[in-house]
Amino acid sequence: MKINSHFLDLKDNYLFSTVGAKTAAYRAAHPEKDVIRLSIGDVTRPLAPVVIEAMRRALDDLSRTETFKGYGPDRYVYAYEPLLASIRDSYARKGVAVSFGEIFVSDGAKSDCGNLLELFSADNTVLIPDPVYPAYLDANIMAGRRIIFADANEGNGFLPMPDESVRPDLIYLCSPNNPTGAAYSRAQLKAWVDYANRLGAVILYDAAYEYFIEDDLPRSIFEIEGARDCAIEICSYSKTAGFTGVRCGYTVIPDTLERGGVKLNRMWARRQSTKFNGVSYVTQMGAAAVFTEEGERQTRENIAYYKRNAAMIGETLSSLGIWYTGGINSPYVWMKCPRGMDSWSFFDYLLENANVVGTPGSGFGKNGEGFFRLTAFATAENTAEACLRLKTILK
Ligand code: PLP
């Protein structure tokens, strides 16, 4: 019997464990120091009250024989119609028409970012930006796929554009991006869509942070003409509505998207109904409250809280003359390490001199070397204090 030996090609990713271990060691050696973590990649604000109320009502349903729910409805691969309607309406507000059959409710974006690969042959070549959210890379290594990278760097504002000299079959794009916070414009996304359509490639578009967009930028790739013929969009309630622990997302596969004469939408429905049994009723009802009028208002309050933190960090870096991306349409600020330091040297310097923890950019890919990620998920008080300390040590 043979194992999938591609797993042996995976590199251990020590990024977050090393950050945690170094921080713990520093705290143990300096118990009197108040260490502030601007490395948090998880939300910290509680769920919106409308979501909690909707979940309570759903629990009540489960407590009564007449309203009890077991497996979700088969028709839309276990998604309940009120949730699908709220997602459809949220798209309609962006000027995008999607039908119930094009929406697949998931337990979050991460699973789909990897599982969608099952629709495509392992012989395909995949294009992945560098630096990047590590799950895309590892999922493709596990599948033994040929990987090429799109270099994101200071020169292109960490927004790589199509390279006509390569011919990928699959293209991962993430906008607003983790870790860089950079977000594509309409013209830039149009160039990717045209490129994918020319090549017959499929774009896997990760829109996990679209609710952080405030500038006039596309919030869905389906705002771009031609995207319905080449793109799959992966969305999440995690960062939008604080569902990192609750677990819910959705993926849109247009009915018009075909490859090899087959609708990918139908393939995915078949895949999901075989390998997935849906998201819990309570979770789906909570998620359905997010895109109601009141849900959006409450959700946006939390996002605004994080964005004020991001703005504080951005203003601090600007005042210090330090180059960065992100922080406006994203909870992430991606800064250039000052004084020519590499990512880990700056990590140590910041921890020891400011007692602030961030995430070394080199952990997200080779192009991340010399850069550093700060996040907006700490409290406003801690973010303000961390900014003061940055100003003191970096002025
Ligand atoms: N995609 C990106 C770019 C992310 O940064 C994250 C989480 O940090 C995810 C997907 C995972 O989201 P989910 O919690 O929905 O699985």
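The values are calculated or read from the model by the stated rules, or taken from the named source; none is laboratory data. None of these values were measured; they are calculated from a predicted model. Ideal geometry is used to build each Cβ from the backbone, glycine not excepted, and the neighbour counts take in all protein chains shown.
General remarks:
- Residue in segment 57-66 that is surrounded by 14 or more Cβ atoms within 10 Å (Cβ to Cβ) and under 28 Å from the mean Cα position of the chain (by Cα) present: yes
- Residue pairs whose Cβ atoms lie under 7 Å apart, sitting 6 or more positions apart in sequence or on different chains, and linking a residue in segment 173-202 that is more than 27 Å from Trp323 (Cβ to Cβ) to a partner that is basic (Lys, Arg), are Leu199/Arg167; Val202/Arg259.
- Among residues of segment 106-133 that are closer than 11 Å to Arg146 by Cα, those with a beta-carbon under 9 Å from a residue that is within 15 Å of the ligand (Cβ to nearest atom) and in a loop (DSSP other than H, G, I, E, B) at least six positions away or on a different chain give the pairs Ile128/Gly365.
- Qualifying residues in segment 35-50 (those that are outside any helix (DSSP H, G or I) and more than 16 Å from the ligand (Cβ to nearest atom)) - the one surrounded by the fewest Cβ atoms within 10 Å (Cβ to Cβ): Pro46
- As a summary of the residue check, Val77 satisfies the conditions (1) of a type in the set (A, V, I, L, M, F, W, C); (2) assigned to a helix (DSSP H, G or I); (3) in contact with a helix residue (DSSP H, G or I) (Cβ under 6 Å, 6 or more places away or on another chain) except for the one numbered (2).
- Check on Ala97, exposed (fewer than 13 other Cβ atoms within 10 Å of the Cβ), aliphatic (A, V, I, L, M) and part of a loop (DSSP other than H, G, I, E, B): yes
- Flag for Arg270 being within 23 Å of Ala196 (Cβ to Cβ), out of contact with any helix residue (DSSP H, G or I) (no Cβ under 9 Å at 6 or more places or on another chain) and in a helix (DSSP H, G or I): no
- Filtering segment 175-188 to residues that are of a type in the set (A, V, I, L, M) and over 17 Å from the mean Cα position of the chain (by Cα) leaves only Ala187.
- Within segment 208-248, tally of residues that are among the aromatic types (Phe, Trp, Tyr) and more than 16 Å from the ligand (Cβ to nearest atom): 1
- For Asn140, the conditions (1) at pLDDT 95 or above; (2) surrounded by fewer than 20 Cβ atoms within 10 Å (Cβ to Cβ) are fulfilled apart from (2).
- For segment 249-266, the set of residues classified as surrounded by 20 or more Cβ atoms within 10 Å (Cβ to Cβ) and either hydroxyl-bearing (Ser, Thr, Tyr) or near the ligand (Cβ under 10 Å from one of its atoms) (or both) consists of Gly249, Tyr250, Thr251, listed by residue number.
- For Leu159, the criteria (1) at pLDDT 95 or above; (2) touching a strand residue (DSSP E or B) at 6+ places or on another chain (Cβ under 8 Å); (3) more than 26 Å from Lys275 (Cα to Cα) hold in every case but one, which is (2).
- For segment 325-341, filtered to residues that are free of Cβ contacts under 8 Å to residues at least 60 places away in the same chain and not small (Gly, Ala, Ser), the residue that is nearest to Ala380 (Cα to Cα) is Met335.
- Residue check, Ile147 surrounded by fewer than 20 Cβ atoms within 10 Å (Cβ to Cβ), touching a strand residue (DSSP E or B) at 6+ places or on another chain (Cβ under 7 Å) and either assigned by TED's automatic domain parsing to the domain that holds Val202 or at pLDDT 95 or above (or both): yes
- Contact annotation: residue pairs with Cβ atoms under 7 Å, 6 or more positions apart or on different chains, pairing a residue in segment 1-30 that is in contact (Cβ under 8 Å) with a residue 40 or more places away in the chain with a partner that is in a loop (DSSP other than H, G, I, E, B) and small (Gly, Ala, Ser), are His6/Ala143; His6/Gly144; Val19/Ser39.
- Only one of Tyr184, Tyr205 that is outside the structural domain of Ser343 (by TED's automatic domain parsing), touching a strand residue (DSSP E or B) at 6+ places or on another chain (Cβ under 7 Å) and among the aromatic types (Phe, Trp, Tyr): Tyr205
- Residue check for Glu118: in contact with a Pro (Cβ under 7 Å, 6 or more places away or on another chain), within 30 Å of Met285 (Cα to Cα) and more than 16 Å from the ligand (Cβ to nearest atom): no
- Of Glu32, Glu53, all but one fail to be of a type in the set (D, E, K, R) and assigned to a helix (DSSP H, G or I); the exception is Glu53.
- Residue in segment 213-248 that is farthest from Trp192 (Cα to Cα), counting only those that are touching a residue at least 60 places away in the same chain (Cβ under 8 Å) and exposed (fewer than 15 other Cβ atoms within 10 Å of the Cβ): Glu214
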